[in-house]
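K.L.:
To start, I am sharing the structure in question, which I have written as structure tokens.
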Amino acid sequence: MKKSVRLADIAKILGVSVVTVSKALSDQKGVSDEMRGRIKELADKMGYVQPSLMRRQASGKSYNIGVLVSERYLNSHDSFYWELYQCVVKKAAQKKCFTMLEVLNDEEENAALGPKLLQEHKVDGLVILGVLKENYLKKISDKAQVPYVYLDFYDEKHTGDAVISNGYFGSYMMTNYLFDMGHTKIAYVGTLLYSKSITDRYFGYAKSLLEHGQNIRDEWVIPDRDMETGVIGFKGKFEKLEQMPTAFVCNCDLTAGFLINELEAQGYRVPDDFSVAGFDNYLYPGICDVKVTTYEVDIREMSRRTINNLLKKIEGEREKQEIAIVDGHPVYKDSVKRL
């Protein structure tokens with residue numbers, strides 16, 4: 001019979017304490033990101049299985065996990081949420097769990113009747129993928145009889161565990177990169193208050209501008225989408241500008257792609273005339289021909305933390321609620337030019 005891998009085995013190879021390994025694998029503070037990554041990678045290679053999973057396997061226990069998402073996040077252009085959903089399914093399957101998807105249309109979301117998955121008692125826990133309208137979140141908060149985790153957003157009004165990417169720092173890094181490339185006239189592209197992630201990324205942009213001694217110009221904070229429908233478009237938005245920036249920081253790669261198309265439709269070239277940076281590193285094929293410099297979101301780690309947190313809540317191992325912030329990294333491509 002194969003001997004099970006212990007925390008001490010991992011600690012010995014890496015030359016760290018058992019406490020450090022335990023903190024890294026349970027996503028506690030006190031471990032550097034670099035060491036946390038090394039510990040998790042080695043644990044996976046050695047086949048380490050967490051005690052809670054061993055107990056569940058020994059008892060034959062598995063869970064049904066529901067994934068709830070609005071149809072507006074799954075349109076033909078937005079590949080990011082499809083990728084994120086698929087990664088959640090894979091991580092759940094690794095934990096011997098079955099996943100069920102419920103897609104809400106606008107009518108269902110506005111009516112706030114609550115997910116069918118919960119009404120019919122089909123799931124033991126719920127992942128809410130992408131922010132939903134406030135009245136719907138309130139319904140879940142008031143009525144849900146199973147644990148749930150928000151993925152890719154957080155909500156201060158209806159408390160719950162959340163796993164998000166580091167949008168504030170990521171946008172800050174991309175704006176800093178544009179300054180490093182010689183740009184000082186930098187615009188932010190995103191409809192403020194449409195979602196917390198778009199607004200958080202704006203504040204990362206604003207921090208970079210202030211640190212570089214630049215004023216935030218209202219006309220260079222450019223809305224990218226309709227506040228109600230979420231439809232992205234730029235028709236007529238540049239004609240009103242007194243002066244064009246030399247670079248744009250976009251709240252996501254999809255917005256960056258549409259922006260590049262609009263600039264090229266007006267006769268400009270990216271990056272020859274304007275530089276463009278995005279966020280998430282997910283752009284549906286065919287949106288634009290320019291490869292966008294961006295901040296890649298670590299969807300695998302976000303999915304892993306989401307499933308781990310949800311299972312701990314289902315099994316009664318966690319009561320404290322938290323917002324887990326997952327770092328990504330810059331990916332340099334073809335859409336930024338050095339001045």
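Quick note: the coordinates plus some simple rules give every number you see, no bench work behind them. Model, not experiment: these values are computed from the prediction. Cβ placement follows ideal geometry from the backbone for every residue including glycine, while neighbour counts extend to all protein chains displayed.
K.L.:
Taking 8 Å as the Cα distance limit and 6 or more residues as the minimum spacing, I'd like the relative contact order of the chain as a percentage. Mind showing how you got there, number by number?
P.N.:
Values: 585 pairs, mean separation 55.7, N = 339.
Relative contact order, the chain: 16 percent.
K.L.:
What number of lysine-lysine pairs in segment 167-296 show an alpha-carbon separation below 20 angstrom, given a sequence spacing of 8 or more or placement on distinct chains? It would help to have the intermediate numbers written out before the result.
P.N.:
Working: LYS185/LYS207; LYS185/LYS237; LYS185/LYS240; LYS196/LYS207.
Close lysine pairs under the 20 Å cut-off: 4.
K.L.:
Rounded to the nearest 0.05, what FRET efficiency is calculated for LEU192 and VAL19 with R0 set to 56 Å and r the Cβ-Cβ distance? All intermediate terms of the calculation are to be shown ahead of the outcome.
P.N.:
Details: r = 43 Å, r/R0 = 0.76.
Approximately 0.85, to the nearest 0.05.
K.L.:
Could you work out how far apart the two model spin labels at ASP272 and LYS157 are, taking each label as a point 7 Å from the Cα in the direction of the beta carbon, and quote it in nm?
P.N.:
Those two pseudo-labels are separated by 4.9 nm.
K.L.:
Based solely on its DSSP helices, what 222 nm [θ] is calculated for the chain when runs of n ≥ 4 H residues each add -39,500 (n - 2.57) and the sum is averaged over all residues, nearest 500 deg cm²/dmol? Write down the numbers at each step before the final one.
P.N.:
On the way: 12 runs with 133 residues, N = 339.
Roughly -12000 deg cm²/dmol at 222 nm, from the helical runs in the chain.
K.L.:
For segment 251-299 and segment 132-177, write down the distance between their C-alpha centroids in whole Å.
P.N.:
25
K.L.:
While we're looking at this one, here's another question. If I take every Cα pair under 8 Å that is 6 or more residues apart in segment 120-242, average their sequence separation and divide by the length, what percent do I get for the relative contact order? Intermediate values should be presented prior to the final figure.
P.N.:
Working: 149 pairs, mean separation 22.7, N = 123.
In percent, rounded to a whole number, it is 18.
K.L.:
Go ahead and run the numbers for FRET between HIS329 and ASN135, Cβ-Cβ distance against an R0 of 30 Å, rounding to 0.05. It would help to have the intermediate numbers written out before the result.
P.N.:
Working: r = 37 Å, r/R0 = 1.22.
After rounding, the FRET efficiency stands at 0.25.
K.L.:
Let me ask something else. Treating the angle as unsigned and between 0 and 90°, give the value, to the nearest 10°, between the Cα long axis of helix 80-94 and the longest Cα principal axis of the chain.
P.N.:
Taking Cα atoms only, the helix is inclined about 10 degrees.
K.L.:
Here's something else I'd like to know. Compute the long axis of helix 253-265 from its Cα atoms, compare it with the longest principal axis of the Cα atoms of the chain, and write down the angle in degrees, 0 to 90, nearest 10.
P.N.:
So the inclination is approximately 20 degrees.
K.L.:
Between ASN215 and GLU242, what is the spin-label point distance in nm, taking each point 7 Å from the Cα along the Cα→C-beta axis?
P.N.:
0.9
K.L.:
Compute the long axis of helix 196-211 from its Cα atoms, compare it with the longest principal axis of the Cα atoms of the chain, and write down the angle in degrees, 0 to 90, nearest 10.
P.N.:
The two axes meet at around 60 degrees.
K.L.:
Let me ask another. What percent do you get for the relative contact order of segment 39-187 when only Cα pairs under 8 Å and 6+ apart count?
P.N.:
Working: 171 pairs, mean separation 30.0, N = 149.
Value for segment 39-187: 20 percent.
K.L.:
How much of the DSSP bridge set in the chain is antiparallel, in percent, rounded to the nearest 5? Walk me through the numbers before you get to the answer.
P.N.:
Numbers: 4 of 38 bridges.
Once the DSSP bridges in the chain are tallied, antiparallel ones form about 10 percent.
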